[in-house]
Structures are given as structure tokens and as C-alpha cells.
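Chemist: Structure provided below as C-alpha cells; questions to follow.
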Amino acid sequence: MNSKRPKIYCQFLDRPVMEPLSGDRINEIRFYRSLSSFADVYYNDVLIDWECGTIGDPSGLKTPTRDYDLYYVRANPELFKSLPHPKITLAYPYDPEVFGVADALVVTTEAWQNLLYEHSASTSVRRKLAKWYPDNIVLPDTIVNIQQTIDPLFLQPISSKTEFFWRAKMTGAQSFGFFGRVTEETIPSELIDNLSVIRERLGSSTNPLAAFAGSIRTALPEPALSLGQIPYEEVPGALAACRGTLGQMCADSDYLGSGKLLDAMATKTPIITRRNAVRDEQLGSAYPGTYDHSEEALDILWRLCTEDAFHCDLQKYLADRAELFLPISTGQRIRRKLVSTGFL
């Protein structure tokens, strides 16, 4: 690769600026941070200045005014098709014309990458991905796993004032947080049921509660605490105030990574989640907070509620694991992949 930093053009939809106002945009911004560890990254043709805090140009959408070493555009088919090569795009949403001219697709997990490679030869894979992809899909030869990355915001120390505020907000109970889109599909019902068992066992005023934060689109199980929508910059404090955080249960978790798990990892908030290939990829197969059956989940929750040493062990594990997902760490892996595939 040239010793000079490569220039990479990025664009999401037709948004002239990017702000962390939804899960998709948050993940995009984090990807740009990883790229910025080794490249000059331009969003909407404007060099990203992380100190400034504004990504893009609020005056409107611009077309590229310079030559770039690589173009990454997500969910803007007309712009993508008009750009020169090499150009890459996220492997969702599916668009046969976009996929047909893309030099590579990017995905966020090895599981997703493998499913796409196996799609044409496996009926079960096609069935699993049916809501995302038709039976016959066009794929470029290269699919790059960019993984996900931690936002440095979540690594900042939490002030005692912030910690007190969120612990009071959660009624002083041992709260197990669920952050993100709350629907019947995503709520981890078996974990909620297990928390009810533990409440009965403990029978004290500080027994555990499930605390839900984000877009709540369904009735919450009882007993539960609704935190509503939390401003992005306040999420680290809310997470750190939880005794643990609960992994979602929807089918997408079998192949998509979870930025929420990385948020918890960064704040050293123990994660309890059912094991699958994606969870092992992000948390590591040796992580003590993943479970294979409900009885095992109950034991993990019980130990988190009653054993401070176990809680500290999980915190230390997550602090060590977080090093793998810092922007510079994921950036190095992405750079090596882009160089080895000839895109840089």
C-alpha cells in the first residue's frame, strides 16, 4: 500500500450529515471511526473531523469533487452505480444492480459472511435469510467482514454524580438492562422469567428488575422498569448503573453482531446472552455469561445477583475483551483485508 493515507469516500442514504440518532447511523459512524484510524475518511465529500463533532455538510448532499482510493456507499443505489471503482457497500438491503457492480460487500460478522457464501447451495440458509434476500441473489466474489467497533464515548470514566443519578433512576435495585428496540420478538423472555424466580428466592427490597431503554413497542413484562428513550451521550452512564445487561432473542441475532453488546463490554457491564456463533465471535467462546439452556441462565443471573466476585470476574473479562474492538484494533484488521483484496 502507498505510504500516504488513502482517501475513502462514505455516504449513507442521502443524508448530508450523520448524527447518532438510530442504530443504523450509530453503526455507520463507528465504522467510519475504524476507517479513520488508517485513512482520511470523507463523508458527503467533507473530511471527517472527529474533534469538531459534525460529520458531513448540513448545506446539502454533494457528489465527489476529488478522486478517492475507495468508495463506500450504503443504501443509495443511484449514487453507488455512478461512482468509479473500487466501490463497496453493505450487504443489506439487497439490490441486484448494486450488488452486480460492487467490487465487494461488507458484513459485520463471520456468520453473516458464511451464510452469504453458502446461500446458493443451501436451502436452509436461503430459508433463514428469506426476509433479507430472495432465493436467487447476485454476489460479488469478495465479502469483507468489518466487524463492529466500540465508540470511545463508552470508554470514558463515569462520574459519581452520573452514577448516583442512574442508580436512583433505577430505584436502587439490581437492574438488568435491555437497551434498544423492545418488541415481542426481541425481549429475552427466558431471562425475564429467570429474574422473577430470583426475586422470589431473594425476597428483599433490592431484588432484581429488568430495565428497558429505547424504542418500546410492546407491553413490558412485570415487574419491569421503563427508562424510555435515552439520549445517546447518556447511555454509558445508564449501562454502567446496571448490574448486567440482557442479550436480545430475535432470529437476527444468529447472524448479526450487536453494538449493544460492545457498549456493555466497554462499560464493563456483565452481559447475559444465549450462545450462538455471533455471540462467541464478539464475546469469545470462553465468556462465562453466555448460556446454552435456561437452567444455566438462571445460575448465571443468580451468581451475578449474589456473588460480587463473579460480577468482578465478568467485568475484568469484558475489559480485556474490549481491546479487540477499539477503533484502532478493528481498523487494523479492516486495512489488512482491504489491502489483501487489492482495494487499497
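Chemist: According to the Kirkwood expression over distinct Cα-Cα pairs, how big is the hydrodynamic radius of segment 114-214, in Å? Before the final figure, lay out the partial values.
Modeler: Details: mean 1/r = 0.0550 Å⁻¹.
For segment 114-214, inverting the mean 1/r across all distinct Cα pairs yields 18.2 Å.
Chemist: How do the peptides 212-224, 270-282 rank, highest first, by the average count of neighbouring beta carbon atoms within 10 Å per residue?
Modeler: Numbers: 212-224: 15.3, 270-282: 20.8.
Descending mean neighbour count gives 270-282, 212-224.
Chemist: Springs between alpha-carbon atoms under 10 Å, Gaussian network over the chain: tell me which of Gly244, Gly172, Gly259 tops the mean-square fluctuations.
Modeler: Gly172
Chemist: Going by Cα centres, segment 291-341 and segment 15-34 are how many Å apart?
Modeler: 23 Å
Chemist: If you look for lysine pairs in the chain that are eight or more places apart or on different chains, how many of them have Cα atoms under 14 Å apart?
Modeler: Numbers: Lys7/Lys87; Lys161/Lys169; Lys260/Lys268; Lys268/Lys316.
Counting lysine pairs in the chain gives 4.
Chemist: Only bridges whose two residues both fall in the chain count here: according to DSSP, what percent of them are antiparallel, nearest 5? Each step should come with its number before you reach the end.
Modeler: On the way: 4 of 38 bridges.
Of the beta bridges lying entirely in the chain, close to 10 percent run antiparallel.
Chemist: Under the Kirkwood approximation for Rh and a Cα-based Rg, what ratio Rg/Rh is obtained for the chain?
Modeler: On the way: Rg = 21.1 Å, Rh = 21.4 Å.
Taking Rh as the inverse mean 1/r over Cα pairs, Rg/Rh reads 0.99.
Chemist: Over all directions, average the projected area of the Cα convex hull of segment 152-325 and note it in nm².
Modeler: Working: hull surface 36.6 nm².
Mean projected area for segment 152-325: 9.2 nm², to one decimal.
Chemist: Moving on to the next point. Under the rule of -39500 (n - 2.57) per DSSP H run of 4 or more residues, summed and divided by the residues of the chain, what mean residue ellipticity at 222 nm is obtained, to the nearest 500 deg cm²/dmol?
Modeler: Helices in the chain give a 222 nm mean residue ellipticity of -11000 deg cm²/dmol.
Chemist: Arranged by the count of other C-beta atoms within 10 angstrom, fewest first, what order do His85, His311 take? Spell out each step's value before the answer.
Modeler: On the way: His85 11, His311 19.
With the sparsest Cβ surroundings first, the list reads His85, His311.
Chemist: Please report, in whole Å³, the volume per residue of the convex hull around the C-alpha atoms of segment 290-344. Show your work: numbers first, answer last.
Modeler: Numbers: hull volume 5.3 nm³, N = 55.
Each residue corresponds to 96 Å³ of Cα convex hull volume.
Chemist: Also, I was wondering about something else. What order do you get for Cys305, Cys312 when you list them from fewest to most C-beta neighbours inside 10 Å?
Modeler: On the way: Cys305 21, Cys312 12.
Going from sparsest to densest Cβ surroundings: Cys312, Cys305.
Chemist: How charged is the neighbourhood of Arg321? Take every other residue with its Cβ under 14 Å from the Cβ of Arg321, and add Lys/Arg as +1 and Asp/Glu as -1.
Modeler: On the way: positive: Lys268, Arg279, Lys316; negative: Asp263, Asp280, Glu281, Asp313, Asp320, Glu323.
Neighbour charge sum, excluding Arg321 itself: -3.
A short reminder: the numbers here are calculations on the coordinates, not readings from a lab. Just so it is clear, the model here is predicted, and its values are computed rather than measured. Positions of Cβ are backbone-derived with ideal geometry, glycine not excepted, and every protein chain shown enters the neighbour counts.
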